[in-house]
Amino acid sequence: MTMVTAKGSIQRRLMVSLLAGAALLAVALFFIVQSLARQLAEESQDNILLASATSILDASAVRQGELVLDLPYSAFSMLGNLSDDRVFYAVRFGADFITGYSDLEDVRGLGEARFETRDYLDEPVRVVALSRLLSISGRPTKLTVIIAQTRNGQRETLERISSIAATIGLGFFLAAAGLAALASRSAIRPLERLAVSVGRRGPQDLRPVAAPVPSEMVTLVAALNRFMERLKVSLARSEEFIAEAAHRVRTPLATVRTQADITLRRVDKEENRAALREMIRAIDESSRAAGQLLDHAMVTFRSDNLEHSALDVGQLAAEMVDRLHPLAELRDIDLVLDSTSGAMISGDTILIQNALRNLLDNAIKFSPAEGTVVVSVRRLENQVLLGVQDQGKGFPAEGRDRLTRRFARGSNAEGIIGSGLGLTIANEVALAHGGGVEIANNRKGPGACVTLSFPSA
Ligand SMILES: Nc1ncnc2c1ncn2[C@@H]1O[C@H](COP(=O)(O)OP(=O)(O)O)[C@@H](O)[C@H]1O
Ligand SMILES: [Mg+2]
């Protein structure tokens, strides 16, 4: 049997791509949440800085040609509410520095309110500069309030949100991984089911796969079905051919056999008689082989279209024993039936008769003269056993399991007519019924014991 090489795994590939997708999404989620959080934190700090600068500007005015500046408490308290970040400020009026930190520089740019992030006193700060024109002695002069705040609180918030985002991302990834495992397993389940159902089939079972499959597998299963159909047709054709050939050989052989018999009676010379007897033996062997080939073709055909009717194995065995009595008597062999009643199975009568006939044929063939052949029918819990026992030399010790193959004959069969199909037929009949065959020797005394088992009905 050739080995199938596995390359990759659909389930693993599916799993890997789903996991990669989930990881990518989780990382994206993390960064999106983080950047949103940063934006929000920055915006809220800007708003408070602006509100604080506005309240300082609003509280300042020019009275009697002088700038009156009142730094309202609320202007700084609202900044303090946000966190315990440090706050710096500076107020400039025209070119003059009025109050605050003199080295806190203005924010370059146009517009009333200007924002900037920069380092001040070796710390990153967010700075707002808000200006307004005040008229002093008839001259418009620019009043600018600059407020800066360190960003520790913002950084802390950001770190907290980042760690939450990371946890969410990780949880998201783990959940996705679980789902991916479920999804990939469920995706390949139909494939596994198909593999199991095809793998469980008997060697003779070439029926098309009828169970519904997912649309992706339809092509594969259709191809498989077509393949099995072709195989079945070609098997049937070769069986037909064998049967036809055997049939065509058998009829003329029968004629030759009759003629040889007649001639044997007429011939007196011992030398010629011996030759004729040899010839008759060869003819017998050929027609027997032809008969068994026909039987085998019939068994193969019927196994494919197995008829299931309730049948009593005990009764079947009794009929067969009756039928073969004359043949056994010819060789002084005692044919005995040892049977129980009610050994019912569901199966094909003709096939089982055929199998039993082949076993009896062997037993009679391999028995010593005046031996006893016992046909036994036993009922087990869910099995019916049909055994044939003789007192011959028994099976050779070696290669016993090979004997069910087509044309296989044992080393003990030398000089005994046969074609090596009897056990093949018996085995195939048992298999077709869901049973088996056991080839053994008698435990007590000499002789062979072949047992067919069938599931009971
Ligand atoms: N009752 C038996 N006693 C001993 N050997 C047997 C018996 N039945 C079968 N065998 C062995 O199994 C072989 C295969 O049997 P079978 O398939 O019936 O072929 P054939 O009877 O044509 O030789 C025989 O050649 C023989 O070696
Ligand atoms: Mg045989």
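Mind pulling the angle between the C-alpha long axis of helix 422-432 and the longest principal axis of the chain? Nearest 10 degrees, somewhere in 0 to 90.
Long axis of 422-432 versus the principal axis of the chain: about 40 degrees.
Calculate the dipole size of the chain relative to its Cα centre from +1 charges on Lys and Arg beta carbons and -1 charges on Asp and Glu beta carbons; express the result in debye to the nearest 20.
The dipole of the chain has a size of about 1200 debye.
Can you tell me how region 245-344 classifies by the Cα gyration tensor, rounded, prolate or oblate, using a/c under 1.5 as the rounded cut?
oblate
What's the percent breakdown of Cα-Cα distances in region 12-159 across 10 Å bins, shortest bin first?
10, 34, 25, 13, 8, 5, 3, 1, 0
Please give the per residue volume of the convex hull enclosing the alpha carbon atoms of region 203-305, rounded to a whole number of Å³.
88 Å³
Taking the alpha-carbon distance from LYS232 and a cut-off under 22 Å, which lysines remain once sequence neighbours fewer than 8 residues away in the same chain are dropped?
Output for LYS232: empty list, no partners.
If you take all C-alpha pairs in region 391-444, what percent of them are over 18 Å apart?
Above the 18 Å cut-off, region 391-444 has 35 percent of its Cα pairs.
Over region 1-68, one equal point on each Cα, no solvent: what is log10 I(q)/I(0) by the Debye formula at q = 0.13 Å⁻¹?
-0.69
Dividing the convex hull volume of the alpha carbon atoms of region 137-223 by its residue count, what do you get in Å³ per residue?
Per-residue hull volume (Cα only) is 187 Å³.
With a 1.4 Å probe and all protein chains left in place, how much of the accessible area of the chain comes from carbon and sulfur atoms, in whole percent?
56 percent
At q = 0.13, 0.17, 0.20 Å⁻¹, work out log10 I(q)/I(0) for region 237-292 with the Debye formula, treating every Cα as an identical point scatterer and leaving solvent out; two decimals please.
Log-scaled intensity ratios, in q order: -0.39, -0.57, -0.70.
I need the peptides 444-454, 144-154, 210-220 ranked by packing, meaning the mean over residues of other C-beta atoms within 10 angstrom, with the highest value on top.
144-154, 444-454, 210-220
Please report the base-10 log of the normalised intensity I(q)/I(0) for the chain, using a Debye sum with one equal scatterer per alpha carbon and no solvent, at each q in 0.09, 0.12 (1/Å).
Computed log10 I(q)/I(0) values: -0.81, -1.07.
Could you tell me the accessible area of LEU294 in Å² (1.4 Å probe, neighbours in place), rounded to the nearest ten?
Near enough 40 Å² of accessible area.
Would you mind checking the radius of gyration and Dmax of region 206-247 based on alpha-carbon positions, in Å?
14.5, 48
Sorted by mean Cβ packing within 10 Å, highest first, what order do the peptides 317-329, 41-53, 261-273, 9-21 take?
Going from most to least packed, we get 41-53, 317-329, 9-21, 261-273.
What FRET efficiency comes out for ASP322 versus THR2 if R0 is 51 angstrom and r is the Cβ-Cβ distance? Round to the nearest 0.05.
FRET efficiency, ASP322 to THR2: 0.55.
Compute the distance in nm between two label points, each set 7 Å from the Cα along the Cα-to-Cβ direction, one at GLU270 and one at ALA254.
Here the answer is 3.6 nm between the modelled labels.
Given a 1.4 angstrom probe, what's the average accessible area per residue across the chain, in square angstrom?
59 Å²
For a protection proxy built on the mean count of beta-carbon atoms within 10 angstrom, sort 194-201, 113-120 highest first, please.
By packing density, highest mean first, the sequence is 113-120, 194-201.
Calculated from DSSP H runs of 4 or more alone, at -39500 (n - 2.57) each and per residue, what is the 222 nm mean residue ellipticity of the chain, nearest 500?
-19000 deg cm²/dmol
Which lysines does LYS393 reach when only Cα atoms under 28 Å apart count, and residues fewer than 8 places away in its own chain are ignored?
Within the straight-line limit of under 28 Å, LYS393 reaches these lysines: LYS365, LYS444.
The values are calculated or read from the model by the stated rules, or taken from the named source; none is laboratory data. Computed from a prediction, not measured in an experiment: that's the story for all the values here. Note that each Cβ is placed from the backbone with ideal geometry, even for glycine, and that neighbours are counted across all protein chains shown. The area values use the complete protein model at the heavy-atom level, side chains included, leaving out ligands, DNA and RNA. Shrake-Rupley method; radii C 1.70, N 1.55, O 1.52, S 1.80 Å.
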